[in-house]
Amino acid sequence: MKRGKPNGGIVMKRVILSVVAVVALAGATVILRAQDAAKVDAKHYTVAFENDQVRVLKAHYGPGEKSTMHSHPNTVAVFLTDAKGRFTFPDGKSEDFNAKAGDVISNDAKVHLPENTGDKAFDVVVVELKGKPSAK
């Protein structure tokens with residue numbers, strides 16, 4: 001004769017799985033925060049301004065310099081100089097880019113590793129967008 005509640009093992013498994021899921025989500029949040037460009041690549045990125053709606057980063061890459069894998073939320077980038085580079089993504093795919101001084105581009109949130117593939121330094125201002133606009 002079995003003792004205990006029927007399906008007690010199933011309930012315990014659900015509790016354990018719930019705890020594991022919460023720990024995994026907390027771990028993913030820490031990993032995403034660790035990918036903040038200004039934190040993991042202070043050599044290339046500095047925070048110029050921040051409020052509850054935007055964070056403005058200045059980025060400078062010397063010739064041939066490469067960043068580390070990092071993330072950005074939705075962004076608008078303004079190139080201050082001509083730029084030639086490559087973005088490498090976590091899946092190993094890459095995308096080359098060429099920009100002219102004054103070019104403005106918009107990007108959805110992404111994780112990437114930028115590098116300057118040109119023979120001249122380039123500068124770009126990256127405006128990271130935060131959440132929804134505040135009510136007026």
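The values are calculated or read from the model by the stated rules, or taken from the named source; none is laboratory data. Computed from a predicted structure; not experimentally measured. Virtual Cβ from ideal backbone geometry, glycine too; neighbours counted across all protein chains shown. Protein only, heavy atoms only, side chains kept; ligands, DNA and RNA dropped before computing areas. Shrake-Rupley method; radii C 1.70, N 1.55, O 1.52, S 1.80 Å.
Just the accessible area per residue of segment 36-136, please: how many Å² with a 1.4 Å probe?
Details: 5970 Å² over 101 residues.
Per residue, segment 36-136 has 59 Å² of solvent-accessible surface.
I want to check the label-to-label distance for Ala109 and Asp96. Put each point 7 Å from Cα in the C-beta direction and report it in nm to one decimal.
Distance between the two pseudo-spin positions: 3.1 nm.
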